[in-house]
1. I'd like the full set of residues that are among the β-branched types (V, I, T) and either in a helix (DSSP H, G or I) or in contact with a Gly (Cβ under 9 Å, 6 or more places away or on another chain) (or both), limited to region 123-147.
2. So the check is Cβ under 8 Å with 6+ separation or different chains; which pairs have a first residue in region 41-59 that's under 19 Å from E30 (Cα atoms) and a second one that's acidic (D, E)?
3. Hey, any hits in region 160-168 for a residue that's part of a loop (DSSP other than H, G, I, E, B), over 12 Å from the mean Cα position of the chain (by Cα), of a type in the set (S, T, Y) and modelled with pLDDT of 90 or more?
4. If I ask for residues that are loosely packed, with under 15 Cβ neighbours inside 10 Å and not in a helix (DSSP H, G or I), which ones from region 36-53 would you list?
5. Surrounded by fewer than 18 Cβ atoms within 10 Å (Cβ to Cβ), more than 11 Å from the chain's Cα centre (by Cα) and within 19 Å of Q141 (Cα to Cα): does that describe L186?
6. Go through region 65-98 and give me each residue that's modelled with pLDDT under 80, surrounded by 14 or more Cβ atoms within 10 Å (Cβ to Cβ) and not in a helix (DSSP H, G or I).
7. For region 99-111, check the following and say yes or no: at least one residue is more than 21 Å from the chain's Cα centre (by Cα), outside the structural domain of E30 (by TED's automatic domain parsing), surrounded by fewer than 15 Cβ atoms within 10 Å (Cβ to Cβ) and closer than 17 Å to G187 by Cβ.
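The values are calculated or read from the model by the stated rules, or taken from the named source; none is laboratory data. Bear in mind that the values here come from a model prediction, so they are computed numbers and not experimental data. Note that each Cβ is placed from the backbone with ideal geometry, even for glycine, and that neighbours are counted across all protein chains shown.
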Amino acid sequence: MSINLDQNSPAWQILEYLQRNASATIKDLELLLGVTPTAVRQHLNHLQASGYLDRREVRSGVGRPHFTYVATDAARELFACRCDVLALTMLQEMCGMVGEELMGSLMKRVGARLAEGYSQSVTAPDLHKRVEEMAGALGQQGVLTDVSKGESNTIALKMYNCPYHDLAVEHRELCDMDQQMLQQVLGEEVLLDNCIMDGHGSCSFVIGQGSRATLELET
């Protein structure tokens with residue numbers, strides 16, 4: 001079944017919503033799209049028939065159950081960042097050739113080079129604005145992001161997809177690299193609060209104010 005997945009299409013908006021959220025109800029998607037429940041159901045039926053959605057029954061207390069919709073692996077694959085294949089393959093080979101100590105050193109150097117590139121787009125004097133500029137630069141690379149106020153005057157930057165997901169599963173040094181890269185670009189302490197690799201829905205970075213006193217001394 002052919003389905004329109006242009007980035008302004010209702011189907012794409014539904015899938016992006018589910019990339020940012022664990023699940024959605026028909027009411028959630030009515031509000032998102034501004035259309036009738038019947039129109040929402042039509043979009044959901046097409047997405048489900050194409051293998052991009054699963055429907056789950058939810059029972060809570062007495063009364064009739066309701067349904068929520070969740071993204072499948074096929075949908076998540078649509079949001080995988082398409083890094084240069086040659087560069088990613090070379091990085092995979094290097095990971096297999098060097099030891100842990102050299103791998104850490106290599107990732108620091110790669111992170112520093114990435115930071116140099118991003119710094120050209122992140123120049124605002126205000127920290128919150130710099131974080132928004134960073135989010136915009138990541139967005140141009142296909143990374144879905146949100147910026148929001150955190151606790152104790154911190155700023156939260158969330159990434160909902162990973163540019164090198166498969167490689168990061170085995171090499172968490174890449175997560176450290178992202179953290180250090182952000183810290184270099186933003187000029188503030190940055191800590192990784194939640195991570196996709198740990199089963200969370202996003203990688204959440206806490207920025208500023210000593211990164212909430214180093215996440216309350218690592219809880």
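1. Step one: list which residues in region 123-147 are among the β-branched types (V, I, T), which gives 123, 131, 143, 145, 147.
V131, T145 - these are the residues of region 123-147 that are among the β-branched types (V, I, T) and either in a helix (DSSP H, G or I) or in contact with a Gly (Cβ under 9 Å, 6 or more places away or on another chain) (or both).
2. Hits for this filter: Q48/D54.
3. No, there is no match, as no residue in region 160-168 is part of a loop (DSSP other than H, G, I, E, B), over 12 Å from the mean Cα position of the chain (by Cα), of a type in the set (S, T, Y) and modelled with pLDDT of 90 or more.
4. T36, G51
5. Criteria not met by L186.
6. Result: A80, C81, C83.
7. No, there is no match, as no residue in region 99-111 is more than 21 Å from the chain's Cα centre (by Cα), outside the structural domain of E30 (by TED's automatic domain parsing), surrounded by fewer than 15 Cβ atoms within 10 Å (Cβ to Cβ) and closer than 17 Å to G187 by Cβ.
Conditions (1) surrounded by fewer than 17 Cβ atoms within 10 Å (Cβ to Cβ); (2) on the phi < 0 side of the Ramachandran plot; (3) among the hydroxyl-bearing types (S, T, Y); (4) not assigned by TED's automatic domain parsing to the domain that holds G208, marked per residue:
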| position | (1), (2), (3), (4) |
| --- | --- |
| G117 | yes, yes, no, no |
| Q120 | yes, yes, no, no |
| P125 | yes, yes, no, no |
| L138 | no, yes, no, no |
| Q141 | yes, yes, no, no |
| M159 | no, yes, no, no |
| Y164 | no, yes, yes, no |
